[in-house]
Amino acid sequence: MIYIYLDGYEYNLGIFELIRSFFPNKELKNIEDLKEYSSGSLIYISIIELNNFIVFRCQFFLDNELISKNEENLEKIFIERNRDKAINIGVKKSIYRTLVEVSKTKHPWGVLTGIRPTKIVHELVEKNINTNDIQNILINQFLLDESKANLIMEIAKRQEKYIYPISRLKYSLYINIPFCPTKCTYCSFPTVPIKNYYHLVDSYINQLIYEIKTIKELMLLKEINTVYIGGGTPTSLPVKDLQMIIKEVYNCFGEDSIGELTVEAGRPDTINLDMIKMFKEMNVNRISINPQSMNDKTLKLIGRNHTSRDILNSYEMAKYNGIETINMDLILGLPGEGVKEINNTLKYMEELSPENITVHTLSLKNGSALKDNMHKYNFEKQRIVENMLDAASAFADRNEYYPYYLYRQKNTIGNFENIGYSKKDKECIYNISIMEEKESIIGAGVGATTKIYYPDENRLERTINFRSINEYLNRFNEIISKKRNISLG
Ligand code: SF4
């Protein structure tokens, strides 16, 4: 247990997450009275206001003995306009530097705990801050490693042509299909094995189509940008059902108006020739076939019902039949996998050469079987995961893949990041849109999130559909009225 005491400052999630990133397995307890602490670890954070300065002080005590201490000073004159933000960064810097000394580990993302670090770069660019100053802010204010600062600046630059000029009329559509063939052990999405839900598939599709038609009415004066059909595994539906959904999308929004249509075909055990031919006939220009690993032992261990050979067959079938862009998702840090196994997976990627590769770091999410049973498996340490990320990055360089979006997840091994790589000009616009939040995304289907973006105020409003299929089916009027209320007009 680590006790946290704040003097002159309110406890917030960012502080909790920063401390948690140094001590992932310890319980953290925020105390309001120092009497609650008698022994063990205590992080004492205080803010002291002097005439011209604010002092941020962090002290780490072990059994009442001071082990480490850091102080950051800020001249008041520099923070008048953005006082809350500046204070938050000052507090985090003093905590970070204290904990680096205590734990003897540095974190490449410094004090950043948010999941979208590239957004910071876009915000600084929008304020006309030049490249050198942005790099300086990332390294000296947010304490990022130079390599991470350069990475997010490179990604933000690559995204610019897809984001700007910002238009309040533009939006993308996300359609959620919550069915999968089986449940993967690392998955915490609210998805269900389709074989237990066949009796609800027709009702689900009817309701989904009704929701899509309603969105069309609500967005009549807006301009559609991209469509993403995800889940779950949309291809676990029968071909005719998935085709019906795509046809409805075209009927509602106009095929020619949609710049990009992605369908996740994540599991190769759901892909067959009829499905691929339907994609081609319906002009689906991007699909995702996700191996996660090309090692059969691992695939079995994580509950995937297929082999690496199935992945190769699905990929070849899709390419042979003319699917334009294929993405492949990989996960680093799966149980039993080290650098050798990752290199084997990357060797296959080199041969296949898909247009997009998304490299994830394993996230042990609450609600996943892997997290519940983590004591049974062998996970690699932070340093090895770092080596795997380096191997993936070197592979990308060698094969002319460019990083084009990045996000961080909570509970990833070593607090690393997920990176989407792309061949030149093959970036997935929807992925940039969902990450950078500079346009509205309208979600349809169970658990789908709708985010309305107000560019003038740089602000988002959200509403989320029910996460259970039964609630989605039975409380549909509430979903529609929430969508109307969030002022889609
Ligand atoms: S295929 Fe994807 S959504 Fe389905 S259970 Fe596996 S990880 Fe979850």
Matching residues, region 16-33, being modelled with pLDDT of 90 or more and either among the hydroxyl-bearing types (Ser, Thr, Tyr) or open to solvent by less than 50 Å² (accessible area, probe 1.4 Å) (or both): Leu18, Ile19, Leu28, Ile31
Candidates Tyr204, Tyr250, Tyr197, Tyr228, filtered to the one that is assigned by TED's automatic domain parsing to the domain that holds Gly322 and modelled with pLDDT under 95: Tyr197
Helices (runs of 4 or more DSSP H) within region 389-489 that include 3 or more residues loosely packed, with under 14 Cβ neighbours inside 10 Å: 476-485
Matching entry among Glu211, Glu223 (being in contact (Cβ under 8 Å) with a residue 60 or more places away in the chain and not β-branched (Val, Ile, Thr)): Glu211
Criterion violated by Leu42 - all others in (1) at pLDDT 95 or above; (2) open to solvent by 50 Å² or more (accessible area, probe 1.4 Å) satisfied: (2)
Within region 227-245, tally of residues that are surrounded by 19 or more Cβ atoms within 10 Å (Cβ to Cβ), in a helix (DSSP H, G or I) and away from the ligand (no atom under 16 Å from the Cβ): 1
Single residue of Ile224, Ile212, Ile287 found to be among the β-branched types (Val, Ile, Thr), closer than 20 Å to Thr463 by Cα and either open to solvent by less than 10 Å² (accessible area, probe 1.4 Å) or assigned to a loop (DSSP other than H, G, I, E, B) (or both): Ile212
Residue list for region 162-209, filter: assigned to a strand (DSSP E or B), among the hydroxyl-bearing types (Ser, Thr, Tyr) and within 16 Å of the ligand (Cβ to nearest atom): Tyr174
Any hit, region 259-268, residues being in a helix (DSSP H, G or I), open to solvent by 10 Å² or more (accessible area, probe 1.4 Å) and away from the ligand (no atom under 16 Å from the Cβ): no
Condition broken by Met328, with the remaining ones in (1) within 21 Å of Ile429 (Cβ to Cβ); (2) among the hydrophobic types (A, V, I, L, M, F, W, C); (3) open to solvent by 60 Å² or more (accessible area, probe 1.4 Å) satisfied: (3)
Residue within region 463-484 that is in the same structural domain as Val263 (by TED's automatic domain parsing), closer than 17 Å to Met328 by Cα and touching an Asp or Glu at 6+ places or on another chain (Cβ under 8 Å) present: no
So Pro354, is it surrounded by 15 or more Cβ atoms within 10 Å (Cβ to Cβ), within 20 Å of Phe395 (Cβ to Cβ) and away from the ligand (no atom under 16 Å from the Cβ): yes
Single residue of Ile287, Ile311, Ile276 found to be within 16 Å of the ligand (Cβ to nearest atom) and over 22 Å from Met435 (Cα atoms): Ile311
Residue under evaluation Ile413, criteria (1) in contact with a helix residue (DSSP H, G or I) (Cβ under 6 Å, 6 or more places away or on another chain); (2) at pLDDT 70 or above, criterion not met: (2)
Flag if Ile432 is within 20 Å of Leu173 (Cα to Cα), at pLDDT 95 or above and of a type in the set (A, V, I, L, M, F, W, C): yes
Test: residue in region 316-333 that is more than 16 Å from the ligand (Cβ to nearest atom), within 25 Å of the chain's Cα centre (by Cα) and under 24 Å from Glu386 (Cβ atoms): no
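The values are calculated or read from the model by the stated rules, or taken from the named source; none is laboratory data. Quick caveat: nothing in here was measured; it's all calculated off a predicted structure. Cβ coordinates were reconstructed from backbone atoms using ideal geometry, including for glycine residues, and neighbour counts include every protein chain displayed. Accessible surface areas use protein heavy atoms only, side chains included; no ligands, DNA or RNA. Shrake-Rupley method; radii C 1.70, N 1.55, O 1.52, S 1.80 Å.
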